[in-house]
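In what follows, a structure is listed as structure tokens, so that the remarks can point back to it.
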Amino acid sequence: MSKINVNGVVRDMTAEEQAIHDADFVTPKSLELMKLDVIKQMRLEKLIETDYLANSDVTMPDNIKTWRQSLRDIPANHTDENAYNLLLARNDAGELTHSIWSKP
């Protein structure tokens, strides 16, 4: 929930105020781009976790190579908000459910 400043008092927006704010400032396209930005950041973090395997003195297993390539291909293979929603889906424990996020 967003905050609003009313006469110097900061409070949470009501549902109605939030809906008006969202209608004015959050377009469907901007929401889609925000989701893609989150996905790209998560992808980057996963790639960084395994960057050490790309050193010249380490042999990267084929399954890790394939997984890293799948991560790099996310923007090309997932191109709409429905795909982004699947990538961002979480279970009741808050864990990501899409298989692409699971390191082999």
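The values are calculated or read from the model by the stated rules, or taken from the named source; none is laboratory data. For clarity, every value in this text was computed on a predicted model and none was experimentally measured. Neighbour counts run over all protein chains shown; Cβ positions are idealised from the backbone, glycine included. Keep in mind that these areas ignore ligands, DNA and RNA; they rest on the heavy atoms of the full protein, side chains included. Shrake-Rupley method; radii C 1.70, N 1.55, O 1.52, S 1.80 Å.
On inspection, SER56 fails the criterion of being polar (S, T, N, Q), open to solvent by less than 90 Å² (accessible area, probe 1.4 Å) and either modelled with pLDDT under 90 or outside any helix (DSSP H, G or I) (or both). Within segment 59-76, if we keep just the residues that are under 16 Å from VAL38 (Cα atoms) and part of a helix (DSSP H, G or I), the residue that is most open to solvent (accessible area, probe 1.4 Å) turns out to be ARG72. Of everything listed in (1) over 14 Å from LYS103 (Cβ atoms); (2) modelled with pLDDT of 85 or more; (3) within 15 Å of the chain's Cα centre (by Cα), the single unmet condition for LEU31 is (2).
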